[in-house]
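What follows is calculated from the coordinates using simple rules that are stated; it is not laboratory data. Small disclaimer: the values here were computed from a predicted structure and weren't measured. Cβ: placed from backbone, ideal geometry, glycine included. Neighbour counts: every protein chain shown.
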């Protein structure tokens, strides 16, 4: 059972929770002020240690280390280089776990890897070759430590179970650290995740994580807050088990996470040759939290997160009892996502004689590929088999170090003997670059996400599949039951996972450790697909936005804004990657945006934009009804998208930069799903507009925003804009639009004016 407190609470002695609404008990705490008790959290102490600002209200954070994988590090390094970086000032790990198996694009994937190695040599970085370790497992094994802070350009940058506050952000925030600037944020709320009880033998870490995500995502209970794991239930889990729970906190939309540490944490770090990184982390005797998620671990059952979000959570037994009805609801959602009846997709056909038949299973990556998960799955698979039908099972360890011990323990042999396929450390299935299921099939995965089309299918090509998230234990139980969806309770026993024996021989043999050893004489190695960012002009005083996409879904993920998988092959080519923007959600967007870009290009060349688009004469004639002095020559023209709530999911900055290189000037939304996406929008020079009213405009309409640079210098709470229609009627009525922008730091305002982080940094030097 999971209980969310209505309001904040005090934690006394690490075990007693007192709701602030419980006046009688709160009186006993009268000797301590709430503001002082807020300083008693673990999060406060870590943030304080890393804050360079004069107070704790507006934090200016410097991190201890950073990490990027091969989808993001080329763009980050290119941006930092263009901004004046000459060396990595902090340990920066470059892994190659996200596109190393893609077969498209010829040499371009390995070209990016070679660029990464050359950058590590030139600037003093740490380079982890393909197949050696997925990004987050390597950071757990070699970099995380108690009281540290780590920044990563992947949304699942979470090492809280090791006492590290880690954050996933877009590349722009990593660039700032490389330039020795700071990560600026208002002091966040801190929510206690109070764990009690002990998980049953059938329950794995993904079951607990899915249950928590299901309880807090839709209501935004922990959005942009720090989740602090406390309570006696922590001791019922090994640190490896905790790691697998922790990595999924990203799916709650929290800012970061941190756990109490104990002797097991110490043992984990010691085993990994880093015992000096341990220190006990516990809240003060009295600590105040802005909310509480109370989890009785003994009540958690094996879970499933149905398509198309990790929060679509059900107990497996509940789902199996009502599968047809629940699947019908998911089918309706799928049809909305597909948007056409030309694609035949069904889930109810997977229910045969009252049983759900699954076509694929995957255990992989930073969540599923951990030692404890694979060992548990191997134990269930031992002596059984996956059958020779449609169902297949693939297993990916999280690192070569984990792989080695699984081999020594006999787990790999047990997995293979059951008919499953054992692969290397690779994140592919989690983002659509490996094990794409067949059309109209149903896959169960111990991975981090099940967003639509993230598994690799392409609705535009008539393909559509779906993914549900489950724990490795229940996936293994399903496998030995011939692909019939089965809870691990059917196979649970008193099996205790043998202790992990870490061997970093593979790291010593293959990882390039160059921090502090940069050599300026080293040359960066550029493959033919690695392109510089295009030049961008500063923001003008007045802007004209053309609405190029309007998405009214409750949430728009970054996977919809820029698809992952195959498209990531073009990650080092800004213009090439931009061709895929919104391709699986609004295929006409790119064409519309590129057309608008031609208007602005004409203006920049000193030509009249109306020579490219004659309708602009009528548009500006309409504007001049209210603003007589407006002219095409001084009004910047760009594209804009509207989404109700954009940015759930990945930290990839490409979700914003691809819009920008196509001439995007703004996003308008009701709210931003995550801080990291909004930061990406600003770091790429787009205006992060919001509005409270429903959008009274359509694709093709124009929106005029006068004095936008002046607005950025002042009060952002009310910015007047004007909807003009699409130019069909020069005498059309101008509709006023009330926009606003949430708080921005002075630096963020300056970056948007400069129209990208590169320009901003060039202007500073």
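Exposure proxy check: 246, 64 ranked by fewest other beta carbons within 10 Å?
On the way: 246 29, 64 19.
Arranged by neighbour count, lowest to highest, 246, 64 become 64, 246.
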(message) With bins 5 Å wide starting at 0, give me the P(r) of the stretch 13-129 over every alpha carbon pair, in whole percents.
(response) 2, 9, 14, 14, 9, 10, 9, 7, 7, 7, 7, 4, 2, 0
(message) Normalised radius of gyration for the stretch 303-355, please: alpha carbon Rg relative to 2.2 N^0.38 Å, two decimal places.
(response) 1.17
(message) With n ≥ 4 as the cut-off for DSSP H runs, can you work out [θ] at 222 nm for the chain, using -39500 (n - 2.57) per run divided by the number of residues, rounded to the nearest 500?
(response) -8500 deg cm²/dmol
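Using the count of nearby Cβ atoms within 10 Å as a rough guide to exposure, how do 200, 583, 679 rank from fewest to most? Kindly include the intermediate steps, with their values, before the conclusion.
Values: 200 16, 583 19, 679 24.
The fewest-first ordering by Cβ neighbours comes to 200, 583, 679.
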(request) Treating each Cα of the stretch 574-709 as an identical point scatterer and ignoring solvent, apply the Debye formula and state log10 I(q)/I(0) at q = 0.14 Å⁻¹. (result) -0.68
(request) Mind pulling the angle between the C-alpha long axis of helix 323-338 and the longest principal axis of the chain? Nearest 10 degrees, somewhere in 0 to 90. (result) 30
(message) At a 10 Å Cβ-Cβ cut-off, how would you order 658, 608, 386, 430, fewest neighbours first?
(response) 608, 386, 658, 430
(request) Specify the inter-centroid distance of the stretch 407-485 and the stretch 1-53, based on alpha-carbon positions, in whole Å. (result) 41
(request) Whole Å is fine, so just give me how far the alpha carbon centre of the stretch 493-508 lies from that of the stretch 565-616. (result) 50
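If eta is 1.306 mPa s and T is 10 °C, what Stokes-Einstein diffusion coefficient results for the stretch 501-641, Kirkwood Rh from Cα pairs, in µm²/s? Present the calculation step by step, with values, prior to reporting the outcome.
Numbers: Rh = 19.3 Å.
So the translational diffusion coefficient is about 82 µm²/s.
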(request) Just report the Cα centroid separation between the stretch 235-310 and the stretch 212-232, whole Å. (result) 12
(request) Report the Stokes-Einstein translational diffusion coefficient (µm² s⁻¹, integer) for the stretch 65-183, Rh taken as the Kirkwood radius over Cα pairs, at 4 °C with viscosity 1.567 mPa s. (result) 91
